[in-house]
Amino acid sequence: MLTVYAYQKCSTCRDALKWLDSHGIPHTVKAIRETPPTPAELKTMLAAHAGDLRKIFNTSGMDYRALGLKDQLPTMSEAGAFNLLGSNGNLVKRPFVIGDGKALVGFKPDVWEKTFL
């Protein structure tokens, strides 16, 4: 079963959930702000993105900019990144989809089609 970490006011998250529903793909939804992904899930996602921390951060978010993470990220440790992401779901790129041996962030229909269909 897929777990989708999403933010209800995010149009991209809503589009992704509609896509999953329209293709009959079972999933559970978790509120990303209230229950950010676990360290194990973050580690799996990071591995799926070749260790590129930037890929799992919501780099267009206000919290990311307010904390000046653009300059900090290149030298940030994995543990430091996971601590930040685990304590502030707004920093996690969304939707964050994990399960069934798959791990994706963001919503690109063509990528999702190749991954899930």
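Criterion first (open to solvent by 40 Å² or more (accessible area, probe 1.4 Å) and either in contact with a strand residue (DSSP E or B) (Cβ under 7 Å, 6 or more places away or on another chain) or at pLDDT below 95 (or both)) does K30 satisfy it?
On the way: open to solvent by 40 Å² or more (accessible area, probe 1.4 Å): yes; either in contact with a strand residue (DSSP E or B) (Cβ under 7 Å, 6 or more places away or on another chain) or at pLDDT below 95 (or both): yes.
Judged against the criteria, K30 is a match.
Being surrounded by 13 or more Cβ atoms within 10 Å (Cβ to Cβ) and basic (K, R), is that true of even one residue in the range 1-9?
Of the range 1-9, the ones surrounded by 13 or more Cβ atoms within 10 Å (Cβ to Cβ) are 2-7.
Within this subset, residues satisfying the condition of being basic (K, R) are none.
No; the residues of the range 1-9 include none that is surrounded by 13 or more Cβ atoms within 10 Å (Cβ to Cβ) and basic (K, R).
For the range 13-39, give me each residue that is outside any strand (DSSP E or B), among the polar types (S, T, N, Q), touching a residue at least 12 places away in the same chain (Cβ under 8 Å) and farther than 15 Å from I56 by Cβ. I'd like the intermediate steps shown before the answer.
Keep residues of the range 13-39 that are outside any strand (DSSP E or B), which gives 13-26, 32-39.
Retained after the next criterion (residues that are among the polar types (S, T, N, Q)): 22, 35, 38.
Imposing the further condition that a residue be touching a residue at least 12 places away in the same chain (Cβ under 8 Å) reduces the set to 35, 38.
Selection gives T35 alone.
Of the residues making up the range 46-101, those that are open to solvent by 20 Å² or more (accessible area, probe 1.4 Å), among the small types (G, A, S), closer than 21 Å to K9 by Cα and part of a helix (DSSP H, G or I) are A66, G86, S87. Taken together, R33, R65 contain a single residue that is touching a helix residue (DSSP H, G or I) at 6+ places or on another chain (Cβ under 9 Å), more than 15 Å from V105 (Cβ to Cβ) and of a type in the set (K, R), which is R33. Here is the figure for the range 97-117: residues that are under 13 Å from the mean Cα position of the chain (by Cα) and of a type in the set (A, V, I, L, M, F, W, C) total 6. Any residue at all in the range 104-114 that is part of a loop (DSSP other than H, G, I, E, B), among the acidic types (D, E) and open to solvent by 50 Å² or more (accessible area, probe 1.4 Å)? For the range 104-114, residues part of a loop (DSSP other than H, G, I, E, B), among the acidic types (D, E) and open to solvent by 50 Å² or more (accessible area, probe 1.4 Å): absent. Suppose the filter is over 24 Å from K114 (Cβ atoms) and in contact with an Asp or Glu (Cβ under 9 Å, 6 or more places away or on another chain); does L67 pass it? Considered against the rule, which asks whether it is over 24 Å from K114 (Cβ atoms) and in contact with an Asp or Glu (Cβ under 9 Å, 6 or more places away or on another chain), L67 comes out as no.
The values are calculated or read from the model by the stated rules, or taken from the named source; none is laboratory data. Computed from a predicted structure; not experimentally measured. With ideal geometry, Cβ positions are generated from the backbone for all residues, glycine too; neighbour counts draw on all protein chains shown. Heads up: the accessible areas ignore ligands, DNA and RNA and are worked out on the full protein's heavy atoms, side chains in. Shrake-Rupley method; radii C 1.70, N 1.55, O 1.52, S 1.80 Å.
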